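The values are calculated or read from the model by the stated rules, or taken from the named source; none is laboratory data. In this text, all values refer to a predicted model and were calculated from it rather than measured experimentally. Quick reminder, even Gly has a Cβ in these numbers, built from the backbone with ideal geometry, and neighbours come from all protein chains shown.
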Ligand SMILES: [Zn+2]
Ligand SMILES: [Zn+2]
């Protein structure tokens, strides 16, 4: 579907504020929902699933939120260019549905291609010549929080933003598929930075589920293991390329191990009458 041709300035005037608001809300809701779930779980027996002993500071969270808002601005610039590209016929627009089976196939393909793009872009940004400019800022987060989802320097935000227009240049994608992809992406991103393991016990060694990434998987990368765990939705590329952390499964099993009732519960003082 080709939209009415517009200049870049016209697209910016009519669409930039809406795009910025949409992406800011997508970030705030995605990170906010995961942060709320983590906050709740830390008041249950799942508190033992906190991956690192260290706590993120208020300064960490402020830095992550401010940088994520900056990333949303970068995404808005690329969003304007994308809609302009649609209006010129360079990129596919919001295509109507092709039917559920084809639409879902496109969604799965989009997630798989994005997973490969993320792995290789991420691994490339760890090259010593590129790390400082592109990726060091994201690694100022040592103890991840969901708010770190878009905590990127501007060059890294641009690397992430350019994926969608590249995809739309090649694959005419239904609007609802693009929207669902954007929702899944922010939720998985926030879950990867949750700081508390959210996946079921045994996940990392399950014959099928082990191919899907976990919070511990990305947390180990932030905790200083810069040569391991570059993947996003899946562990596929890390397994195939031999970059999975050697202690990943053991760490996962330790973090998700059942623990006896906490000492604080057992030693709770009896009410004073
Ligand atoms: Zn990294
Ligand atoms: Zn990260």
* Condition broken by residue 27, with the remaining ones in (1) surrounded by fewer than 16 Cβ atoms within 10 Å (Cβ to Cβ); (2) part of a helix (DSSP H, G or I) satisfied -> (1)
* Does residue 70 count as crowded, with 18+ Cβ neighbours inside 10 Å, on the phi < 0 side of the Ramachandran plot, within 17 Å of the chain's Cα centre (by Cα) and at pLDDT 95 or above? -> no
* Is it the case that residue 221 is modelled with pLDDT of 95 or more and either in contact with a strand residue (DSSP E or B) (Cβ under 9 Å, 6 or more places away or on another chain) or not in a helix (DSSP H, G or I) (or both)? -> no
* To do: Kindly check whether there is at least one residue in region 94-103 that is surrounded by 16 or more Cβ atoms within 10 Å (Cβ to Cβ), assigned to a strand (DSSP E or B) and in contact (Cβ under 8 Å) with a residue 12 or more places away in the chain.
  => yes
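Yes or no, residue by residue, for (1) within 16 Å of ligand 1 (Cβ to nearest atom); (2) touching a helix residue (DSSP H, G or I) at 6+ places or on another chain (Cβ under 8 Å):
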| site | (1), (2) |
| --- | --- |
| 121 | yes, yes |
| 134 | yes, yes |
| 178 | no, yes |
| 182 | no, yes |
| 196 | no, yes |
| 206 | no, no |
| 213 | yes, yes |
* Counting just the residues of region 127-179 that are within 14 Å of residue 62 (Cα to Cα) and assigned to a helix (DSSP H, G or I), which one comes out nearest to the chain's Cα centre (by Cα)? -> 149
* Which numbered condition trips up residue 134, out of (1) away from ligand 2 (no atom under 16 Å from the Cβ); (2) farther than 17 Å from residue 65 by Cα; (3) touching a residue at least 24 places away in the same chain (Cβ under 8 Å)? -> (1)
